[in-house]
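Note sheet for the following structure.
The values are calculated or read from the model by the stated rules, or taken from the named source; none is laboratory data. Note that this is a predicted model, so its numbers are computed, not measured. Cβ: placed from backbone, ideal geometry, glycine included. Neighbour counts: every protein chain shown. To get the accessible areas, we keep the full protein, side chains included, count just its heavy atoms, and leave off ligands, DNA and RNA. Shrake-Rupley method; radii C 1.70, N 1.55, O 1.52, S 1.80 Å.
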Amino acid sequence: MATEVDTWSSAPKADGVFSFEDNLTQANCPYTVDDELLNEAEVNGNWTPQEKALHEARLKAKAKRRLRKSSRNSTSESFSESGETSGGDPNSPKGKIIVSDRKSRAGKGRGLPKKGGAGGKGVWGAAGMVYEDEEPDMRDPNYDESSQGDTVYATVVPEIDEKELEKMVNPIVQEYFEHGDTKEVQMLLKGLNLGSHKYEFSSLAVSLSLEGKASHRELTSRLLSDLSGKMLSQSEMARAFDKILKELPDLILDTPEAPQMLGQFVARAIADHVLPMSFLDFYKGKVDCEHARVALDRAEVLLTMKREMVRLDNVWGVGGGLRPVKHLVREMNLLLKEYLVSGDVSEAEHCLRDLEVPHFHHELVYE
């Protein structure tokens, strides 16, 4: 070891002076000098100024190495105590930490995301967090002292466009034909903001029932009766039927009997006080459409025939499974008695279809 130091230290420059780069190179050298020989040379006063400067540089480098070693040992001990591993790639040099890692980089903590995942840009907050209403800030430029205490929070439902109305109403009416619950229809309509197009619900319901069965028309008449006065006024109902009368030329393309059916709807609505009694008088002498005149004449005839009746309950027949069983049995007996008198099979088949109770046809065989 001493021979190496002698050879290394006895190589000065041409001018006999060691440079600063030589001192640093020798300080970082993996070889060490015997401290006892250096101390003895210092005691005897045999050190030259160059050797003394070299010794000081080597001492500083040694202190820096000790400091780096102690810092690495303390970091590894803190990781081992917390039981966490480095967040960096194990294959990367010196265990570098990934920049996108959200865990603590100080080597402390439980390794969970910062703020429980509720912090950072574009984060809504922790799961289950409920935000309370904030008090108005007096320093806000939009702060209005006169409106203090009058703030009202309400859910605003946008008004449905006329183009979207049919898409929203058709499923409601079709579902009503299945369950027949008018209260559910009222609840669904309250959740919609029909606005000025509210009356069009009645016209759409009647148009759909014209293409359906007699039981559907009976359910529609009941629905109009239940909605009248609660969600739709008589003026809105009259506006809806006026629209249907104008659409009759198009409705008869799919339903040739639409004028007669619409007349029955009008008569039933007037009897149920859905339409005002003066509804027919308003159209006398003012209708140019032939189909509309047929519908209005049909309604006037029915009201004249049923003047003594408060309600035209049987205007759509007695069809549908919603009728009581005793009533269906009575209709089966009347059907059979009429057949025994007339002997007309086609008329008996027509009456049986009008009942719309295929699940009760066994009663006909039994009777």
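Gain on full extension, evaluated as 0.36 nm per residue between residue 67 and residue 162 minus their Cα-Cα distance, stands at 26.3 nm.
In terms of overall dimensions, the range 169-298 has a Cα radius of gyration and Dmax of 14.0, 41 angstrom.
In terms of accessible area, using a 1.4 Å probe and ignoring ligands and nucleic acids, 316, 124, 47 rank largest first as 124, 47, 316. A convex hull fitted to the Cα coordinates of the range 159-245 yields 87 cubic angstrom per residue. Counting only protein heavy atoms and using a 1.4 Å probe, the accessible area of residue 298 comes to about 90 Å². Between residue 301 and residue 60, the simple label model (points 7 Å from Cα in the Cβ direction) yields a spacing of 12.1 nm.
With contacts taken as Cα pairs under 8 Å and at least 6 residues apart, the range 124-231 reaches a relative contact order of 25 percent. Within the full protein context, the accessible area of residue 181 is estimated at about 70 Å² for a probe radius of 1.4 Å. Residue separation of residue 190 and residue 133 scaled by 0.36 nm, minus their Cα-Cα distance, works out to 17.8 nm of gained length.
Mean separation of Cα pairs under 8 Å and 6 or more residues apart, divided by the residue count, gives the range 196-264 a relative contact order of 40 percent.
Remark: accessible surface ordering of 48, 155 (largest first) is 155, 48, probe radius 1.4 Å.
A 1.4 Å probe, protein heavy atoms only, puts the accessible area of residue 55 near 30 Å². Of 207, 278, the residue with the largest accessible area leads and the full order is 278, 207 (1.4 Å probe).
Pairs spanning more than 27 Å between alpha-carbon atoms, out of 183/246; 213/284; 213/337; 167/213; 69/121; 163/286: 183/246; 213/284; 69/121; 163/286.
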